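> Structure incoming, see below.
The values are calculated or read from the model by the stated rules, or taken from the named source; none is laboratory data. No experiment lies behind these values; they were computed from the predicted model shown. Every residue, glycine as well, gets a Cβ built from its backbone with ideal geometry; the counts of neighbours run over all protein chains shown.
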Amino acid sequence: MDALQERLLDILLEFKRVCDENNLEYFLDCGTLLGAVRHQGFIPWDDDVDVMMPRKDYERLIELDKQGIFKEKFALQHWDKNKKHIMPFSKLEDKTTTWFSYIGDDRVPHKSGVGMDIFILDGGGGRQKSS
């Protein structure tokens, strides 16, 4: 495991701690899920962690963040907290790191910490009760 993946695992474990302590549901997604299944870890070229949360759990996570639930070195970035946060999802970052990326077709430069993306899972229906 390289240094970036070690940081990502640290972030994921902090997220898992908060979710477990507060009974929040989440799912690995995208390359993170593929890496867990196919590589029993990370895809060698993956540079972030992706999870999804049902909206009710996501909204609870935002409320818990306002109470300072995450350890000092982590920051949950989202549009309610940081008006400069331009992503349509939240991101749990390691504040001791710096990550530069470019966003969109216009290649807008963006500076953040190494982190994990937290997407909201809406809909899906679920099982229907038969009569």
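> Run down V18, V51 and say which single residue is part of a strand (DSSP E or B), closer than 24 Å to D122 by Cα and in contact (Cβ under 8 Å) with a residue 40 or more places away in the chain. Explain how you work it out, then say what you get.
Details: V18 fails: part of a strand (DSSP E or B).
One residue alone meets the criteria, V51.
> If you go through the stretch 90-100 one residue at a time, do you hit one that is modelled with pLDDT under 80, more than 12 Å from the chain's Cα centre (by Cα) and not in a loop (DSSP other than H, G, I, E, B)? Before you say what the answer is, go through the steps one by one.
So the first thing to find is which residues in the stretch 90-100 are modelled with pLDDT under 80, and the list is 97-100.
Now drop any that are not more than 12 Å from the chain's Cα centre (by Cα), which leaves 97-100.
Still in the running and not in a loop (DSSP other than H, G, I, E, B): 99-100.
Looking for residues that are modelled with pLDDT under 80, more than 12 Å from the chain's Cα centre (by Cα) and not in a loop (DSSP other than H, G, I, E, B), one finds at least one in the stretch 90-100, hence yes.
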